[in-house]
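Readers should treat all values here as calculations from the given coordinates under stated rules, not as data from a laboratory. Keep in mind it's a predicted model, so treat the numbers as computed, not measured. Cβ placement follows ideal geometry from the backbone for every residue including glycine, while neighbour counts extend to all protein chains displayed.
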Amino acid sequence: MSLTPILEETLIKRSQQKKRTSPLNYKERVFVLTKSKLTYYELRAEKRFKKGSVDLQRIRCVEIVKSSTTIIPCQNKYPFQVVHDSIMLYIFAPSNERRSVWVQNLKEEIKNNVQIAAKFHPQFWQEGEWLCCGQVDKLALGCEGYNLFGDSKSPAI
Ligand code: 4IP
Ligand code: ZN
């Protein structure tokens, strides 16, 4: 049952740059959300090859990325962030509507996580700084309070 996909869609991701030497690039991947994981696959010759996976329990924040003043160098222009451990996974949706669907569904699945962030960065980590607050430490504490269901489009009940 937990393997049944909640959402499945081809989106674009930015490389997570887990190592200092990791390249910065953007890849089209098939994302699959289940009750336990967010997994992404490369699609080649109509076959799926798993490239990575995030345990939902490890996610600390899911939110849209405010990017009105940023150039987005890939086709999809509606970014959202999935912060897991100390890693930022930036995913780009093709429309505001699809982004909202992903963000709302992910938030629903992580709402009982123990380690939800108290603060987050509303803009990108880019070229060695946080565009929101100018901090130059990738691990710097977020500069804005994080409310899992505090979004004005979906007020807390
Ligand atoms: C890779 O670049 C891909 O972008 C990987 O994404 C990404 O891993 C790697 O980041 C990055 O080095 P190359 O294909 O040019 O090698 P994908 O796994 O979707 O193919 P992530 O962790 O983002 O999946 P690092 O940080 O793992 O090196
Ligand atoms: Zn910030």
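The table that follows gives values for the structure above.
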{"item": "Near-label residues of region 41-61 by backbone N, under 19 Å of a point 7 Å along Cα→Cβ of Asn105", "result": "41-43, 48-61"}
{"item": "Shape category assigned to region 62-108 from the gyration tensor of Cα positions, a/c cut at 1.5", "result": "oblate"}
{"item": "Highest-fluctuation residue, Gln81, Gln57, Gln135 considered, GNM on the chain with Cα pairs under 10 Å", "result": "Gln135"}
{"item": "Simple Cβ-charge dipole of the chain, Lys/Arg +1 and Asp/Glu -1, about Cα centre, in debye nearest 20", "result": "460"}
{"item": "Charge dipole of region 1-139 about the Cα centre (unit charges at C-beta), most positive-ward option of Leu89, Phe120, Gln75", "result": "Leu89"}
{"item": "Histogram of C-alpha separations across the chain, 10 Å bin width, %", "result": "10, 41, 39, 9, 1"}
